[in-house]
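These notes are about the structure you will find just below.
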Amino acid sequence: MDLSPIALAQLPVRVGDVGGNAQRILEAARQAHSRGARILVCPELALLGYPPDDLLQRRGLPELIERGLASLREGAGEMILVVGYPEFGPEGVFNAAAVIGSEGLLCTYRKRQLPNYGVFDERRHFLPGQDCATFEVDGVRYGLSICEDLWTPQVAAETAAAGASVLLNLNASPFDQHKRAQRRELLRQRTQETGLVIAYVNAVGGQDDVVFDGDSQFWSAQGQCLSRAPAFENAVLTVATGDSQAEPEPIAQLYAALRTAVRDYVQRNGFSTTLVGLSGGIDSAVTLALAVDALGPEQVRAVAMPSVYSAPISTEDAQAQADSLGVRFDRIEIAPAMQVFDGLLGDVFAGTAPDLTEENVQARIRGVLLMAMANKFNGIVLSTGNKSEMAVGYCTLYGDMCGGFAPLKDVYKQQVYALARYRNTLSPVIPQRVIERAPSAELRPDQEDQDSLPPYDRLDAILAAYIEGECSVAQLYAQGFPQAEVDRVVRLVRLAEYKRRQAAPGPKVSTCAFGRERRYPITAQYSGL
């Protein structure tokens with residue numbers, strides 16, 4: 001079948017920016033028309049942005065959506081636009097797709113399968129549609145579906161039975177480290193089951209705690225990928241302008257997802273400066289590299305805040321990385337502040353021995369300094385904690401948890417090291433000593449993370465089985481993990497829930513991220529589960 005009439009708009013739409021999104025759609029339509037396309041297919045809820053959450057409750061939104069649809073009708077010209085939007089009606093709100101031409105609305109489809117798990121909360125906002133929808137252009141009949149509709153056979157099968165030969169599937173499908181392979185297999189299955197050609201379009205860019213990878217695709221009725229858009233890039237894809245090459249390496253995809261998330265969160269929220277507390281450790285090193293790759297060195301500032309417990313090589317490595325990336329490097333000694341706090345707390349702490357309390361004061365001094373700089377320079381602090389630490393509470397509230405965005409929040413410690421090694425294959429910006437040294441918070445003499453935690457390879461394996469795998473404690477024992485270690489880790493995960501509730505947002509890149517996807521009660525007794 002000739003697919004040249006179709007173009008897929010892999011667009012970086014912005015939530016709430018209805019007028020701006022309409023203009024982005026029309027600009028994509030102009031590009032598609034110049035390439036000979038007749039139909040432009042846009043992502044799910046492209047006119048409003050996804051996920052809109054409770055913006056859908058705003059009383060002025062229906063009128064704003066109508067104005068956006070009117071501007072698309074006026075600007076469509078010779079193109080037919082297939083656009084996702086919220087349809088407001090007497091029954092309620094539908095997650096819909098409109099087929100728009102210069103003569104008006106040609107067809108409307110309402111999403112039938114409403115996901116209500118993980119980052120999705122669609123049954124809170126939308127009613128499900130009931131019917132298929134098809135339309136004809138130049139003798140070819142096209143069917144419509146939206147995102148989750150494709151994950152069950154029913155909608156595609158009914159669309160084929162209704163006489164369509166091409167299925168246009170509109171998506172706002174967030175990235176995770178397994179999604180792309182699942183998506184490809186799903187598209188293969190649906191084409192082979194139905195004989196439909198499938199044009200799959202997806203959103204691209206970061207939106208709060210999700211990041212969309214694009215990965216828009218054309219599939220033949222025989223189950224072959226004909227053309228594919230580049231991941232994490234804006235694109236207007238026709239069957240002739242993409243490729244069907246092999247997948248990039250998983251670690252390269254992960255790095256691209258995190259870089260995209262940082263860029264869009266910082267830029268779309270209007271921050272002019274990004275601050276990273278650069279300790280000389282692996283987490284802050286990867287965070288700084290991501291920030292510079294996302295935003296450029298001129299918008300990033302590294303701050304070293306050594307204490308009396310900091311090894312000289314930590315500051316040396318921090319300085320070396322900042323120099324290699326071309327960012328401003330500030331050094332603030334925190335020993336004087338530690339002395340002030342010791343004096344302020346001396347009377348109330350009299351008769352007690354130094355312990356974790358004094359360690360946490362150091363972390364909080366650093367948090368205060370970073371937040372002060374962020375306030376002064378219209379900046380945002382990127383917190384540097386990883387998923388392993390967030391899981392077990394190896395982090396300090398109002399200390400190293402300070403920040404407006406947490407790029408590594410959904411990345412286990414072992415993956416952080418893999419990201420560092422990957423980044424150095426592009427250019428060697430992270431000192432090798434940072435990668436090779438034993439990790440340490442450097443809050444007391446000769447401290448190492450393994451003083452308080454199991455080795456990260458074992459810790460990450462237990463956490464992945466418990467969090468992503470949802471294994472019970474008994475199942476973890478059965479997998480061969482030491483019982484005492486399992487009990488300790490599970491207890492730490494449970495106790496740290498109150499910390500995670502106060503953590504900065506960060507991009508979801510796993511199948512079960514803290515935040516929208518994993519919401520446990522703070523006050524509960526479930527240690528055996």
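Expressed to the nearest 5 percent, the antiparallel share of DSSP beta bridges inside the chain is 55 percent. Toward the positive end of the charge dipole of segment 148-261, with +1 on the Cβ of Lys and Arg and -1 on the Cβ of Asp and Glu, the farthest Cα among A256, V211, A229 is that of A229. Taking a straight line from the alpha carbon of K508, these lysines sit under 23 Å away, with near neighbours fewer than eight places off in the same chain left out: K179, K387, K409, K413, K499. Split the chain at each of the trypsin sites (Lys or Arg not before Pro) in a DSSP loop with at most 10 other beta carbon atoms within 10 Å, and the longest piece is 60-518.
Over segment 373-529, Cα pairs under 8 Å with separation of 6+ residues give a relative contact order of 29 percent.
What is the chain's relative contact order, in percent, from Cα pairs under 8 angstrom and six or more apart in sequence? Relative contact order comes out at 11 percent. Out of every Cα-Cα pair in segment 222-284, what percent are more than 13 Å apart? For segment 222-284, the share of Cα pairs beyond 13 Å comes to 75 percent.
Rounded to the nearest 10 degrees, the angle from helix 179-194 to the longest Cα principal axis of the chain is 20 degrees. Remark on segment 275-364: hydrodynamic radius 14.4 angstrom, per the Kirkwood mean of 1/r across alpha carbon pairs. Look at the alpha carbon pairs under 8 Å that are at least 6 residues apart: their mean separation over the length of segment 17-96 gives a relative contact order of 40 percent.
If you sort the three axes of the alpha carbon gyration tensor as a ≥ b ≥ c, you get a/c of 1.5 or more for segment 109-190 and a/b no higher than b/c, which makes it oblate. Would you work out if segment 443-525 is rounded, prolate or oblate? Take a ≥ b ≥ c from the square roots of the eigenvalues of the alpha-carbon gyration tensor; rounded if a/c is under 1.5, else prolate when a/b is larger than b/c, oblate otherwise. Here segment 443-525 falls in the oblate category.
Once you order the gyration tensor axes a ≥ b ≥ c over the Cα atoms, which shape class does the chain get: rounded for a/c under 1.5, otherwise prolate or oblate by comparing a/b with b/c? It is prolate, given that a/c is not under 1.5 and a/b is the larger ratio. If you model segment 204-362 as an ellipsoid using its alpha carbon gyration tensor, with each semi-axis the square root of five times an eigenvalue, the axes come out at 46, 17, 14 Å, biggest first.
Over what distance in Å are the Cα centres of segment 138-192 and segment 86-124 separated? So the separation of the two Cα centres works out to 16 Å. Sites listed here are GluC sites (Glu not before Pro) in segment 100-200 whose DSSP assignment is loop and whose Cβ has at most 12 other Cβ atoms within 10 Å: E103.
Where a number appears in this text, it was derived from the coordinates with a stated rule and is not lab data. Bear in mind that the values here come from a model prediction, so they are computed numbers and not experimental data. Here the Cβ is made from the backbone with ideal geometry for all residues, glycine too, and neighbour counts use every protein chain on show.
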